Amino acid sequence: MPPGTSILDALIANDVFVSYDCQRGECGNCYTTVLAGQPVHRDVCLTPAMREQGMCICVSWAAAPGRLLLEL
Ligand code: FES
């Protein structure tokens, strides 16, 4: 995947089923549980409590340098 590809787009390109809608970090439909790693949250819809457990994979990514382990 080229730099700048969202996690959501990478999953879709690899035929992984994921729920999504707005693709702008507004609806929370793509909310995914984070099992390990530190996300950089770029959504505008999650509460602080939700951000403790997961992330919106359409707009958020891993804090650098780092990896994320997601529950898909
Ligand atoms: S698809 Fe709406 S927040 Fe990700």
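The values are calculated or read from the model by the stated rules, or taken from the named source; none is laboratory data. Here the structure is a predicted model, which is why all the values come from computation and not from measurement. Here the Cβ positions follow ideal geometry from the backbone for every residue, glycine too, while neighbour counts run over all protein chains shown. Ligands, DNA and RNA are excluded from the accessible area calculation, which covers all protein heavy atoms including side chains. Shrake-Rupley method; radii C 1.70, N 1.55, O 1.52, S 1.80 Å.
Miscellaneous remarks
- Test: LEU70 is assigned to a loop (DSSP other than H, G, I, E, B) and within 14 Å of the ligand (Cβ to nearest atom): no
- Hits in region 3-54 - residues which are among the charged types (D, E, K, R), within 20 Å of GLY66 (Cα to Cα) and open to solvent by 50 Å² or more (accessible area, probe 1.4 Å): ASP9, ARG42, ARG51, GLU52
- Every pair of residues 6+ apart whose Cβ atoms lie under 6 Å, when the first sits in region 14-36 and is closer than 17 Å to GLN53 by Cβ while the second is among the β-branched types (Val, Ile, Thr): GLY25/VAL44; GLY25/VAL59; CYS30/ILE57; THR32/ILE57
- Condition check for SER60: in contact with a strand residue (DSSP E or B) (Cβ under 6 Å, 6 or more places away or on another chain), within 13 Å of the ligand (Cβ to nearest atom) and open to solvent by less than 100 Å² (accessible area, probe 1.4 Å): yes
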